[in-house]
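One structure, as structure tokens, below. Some questions next.
The values are calculated or read from the model by the stated rules, or taken from the named source; none is laboratory data. Just so it is clear, the model here is predicted, and its values are computed rather than measured. Here the Cβ is made from the backbone with ideal geometry for all residues, glycine too, and neighbour counts use every protein chain on show.
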Amino acid sequence: MKRVVLLPLLAVVAALGCAGQLPPPSEADALRASSRYPGTTVADLTRGRKLYVEHCSGCHALVRPQTKGPDEWPKLVAEMTERAKLPEATAQEIVRYLVVASGAPR
Amino acid sequence: MHHRPLLSLALLAAAVLPRAAAANERHLTYTYETATLPQGAKELEVWTTGRVGRHQDFVGFDHRVEFEVGLTNRLQTSFYLNFSAERDGTTSSGLAFGGVSSEWKYKITDPVADAIGFAGYGELTAGTDFYELEGKLIFDKVIGKTLLAANIVGAWEKEVGHEPELELELDLAAARFLTQHLSLGLEVRNHNELEEGEEWEHSTLYAGPVLAYAAESWWATLSVLPQLPALKKPSGETGARVLDGGEKWNARLLFSFRL
């Protein structure tokens, strides 16, 4: 009886988990970033992702980077920077992560 | 019933407080989401819960005023003032102070960034004649424009002159973001009460729609949850629903603004 309940529950949890998350930045992302942001490393992008999750998810559900174009993100983050009173350096790290992640192959 | 002063206070505060950054919106009323306020952010939430219909002509209102602050980007705490008013048959009470609560919430994973959002929650309430400890495990997930959330809730309550009671609740909800500001969903509550050392008293079920609107610096969420036929009724209960301690209709309005 327990299996009857647990198996569908595990299937739902697995499906939810696979339904999407923000993957950690990779070497391919850093390589792609170099044309727009020379010298960008995986660590830079990882830090940008962390700042995005920590600073933005408190006010609204996070927007997946690929739902906007690379050129849309700087303007959107600039608007939010004012509202959320983000330090400029933090905002720039977030922008770099979002711009690079938005161009990742799907 | 004297609930106008609280509403007036909230509306006045919303009118005079400066516009600020986006608020930490809630899209559901009973089911919590994992989001916590950013570090240093503060919010004031006004809760109104209406409960209508028991065996007699019953109307009850619970009011809570909550001051919420983000201690870190993952940890938030809140302080509540609780009030209530009831009319049961011919007996009526005006708005009375019901105690204070302290809430703590810690977010571990995020519903978009991680496979599933998860947060832990604890609340201590000291009433005028009771105290209560409550814990929640909060799960949520955002898939596209759909929010899914589940809470497992346990509460231990001790009222003066009564045996302690244990309450277990499972809250499930789904909401769809219709626009950037508006969401519509469904909430389901399964509430169970157990008297300590005694048997399982009852298991009630509520389900209904929930509507939420979020602006830049404030948000409001309303749910209307009628009671459905009970999963377990106490002995002596003749109807399909539990109307001794539960009610036919439950509506909750949350209104919040950023300080």
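I'm trying to understand the selection: among the residues of the stretch B:87-103, which are assigned to a strand (DSSP E or B) and either surrounded by fewer than 16 Cβ atoms within 10 Å (Cβ to Cβ) or over 18 Å from the mean Cα position of the chain (by Cα) (or both)?
B:Arg87, B:Asp88, B:Thr91, B:Ser92, B:Ser93, B:Gly94, B:Leu95, B:Ala96, B:Phe97, B:Val100, B:Ser102
Each row is one residue, and each column tells you yes or no for (1) in a strand (DSSP E or B); (2) in contact (Cβ under 8 Å) with a residue 12 or more places away in the chain; (3) touching a His at 6+ places or on another chain (Cβ under 7 Å); (4) not charged (D, E, K, R).
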{"residue": "B:Glu193", "(1), (2), (3), (4)": "yes, yes, yes, no"}
{"residue": "B:Pro209", "(1), (2), (3), (4)": "yes, yes, no, yes"}
{"residue": "B:Ser223", "(1), (2), (3), (4)": "yes, yes, no, yes"}
{"residue": "B:Pro229", "(1), (2), (3), (4)": "yes, yes, no, yes"}
{"residue": "B:Ser235", "(1), (2), (3), (4)": "no, no, no, yes"}
{"residue": "B:Ser256", "(1), (2), (3), (4)": "yes, yes, no, yes"}
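Follow-up question, since we're still on this one. Starting from residues that are surrounded by fewer than 16 Cβ atoms within 10 Å (Cβ to Cβ) and not polar (S, T, N, Q), keep the ones in the stretch A:25-59 and report whichever is nearest to B:Asp140 (Cα to Cα).
A:Ala43
So, in the stretch B:143-157, of the ones that are surrounded by fewer than 16 Cβ atoms within 10 Å (Cβ to Cβ) and not polar (S, T, N, Q), which residue ends up farthest from the other protein chains (Cβ to nearest Cβ)?
Applying the filter and picking the extreme gives B:Trp156.
Conditions (1) at pLDDT 90 or above; (2) closer than 27 Å to B:Trp218 by Cα; (3) assigned to a helix (DSSP H, G or I); (4) of a type outside the set (Val, Ile, Thr), marked per residue:
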position: A:Leu6; (1), (2), (3), (4): no, no, yes, yes
position: A:Ala61; (1), (2), (3), (4): no, yes, no, yes
position: A:Glu79; (1), (2), (3), (4): no, yes, yes, yes
position: A:Leu86; (1), (2), (3), (4): no, yes, no, yes
position: A:Ala89; (1), (2), (3), (4): yes, no, yes, yes
position: A:Val99; (1), (2), (3), (4): yes, no, yes, no
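Tell me yes or no: at least one residue of the stretch B:115-126 is modelled with pLDDT under 95 and not in a loop (DSSP other than H, G, I, E, B).
Scanning the stretch B:115-126 turns up no residue that is modelled with pLDDT under 95 and not in a loop (DSSP other than H, G, I, E, B).
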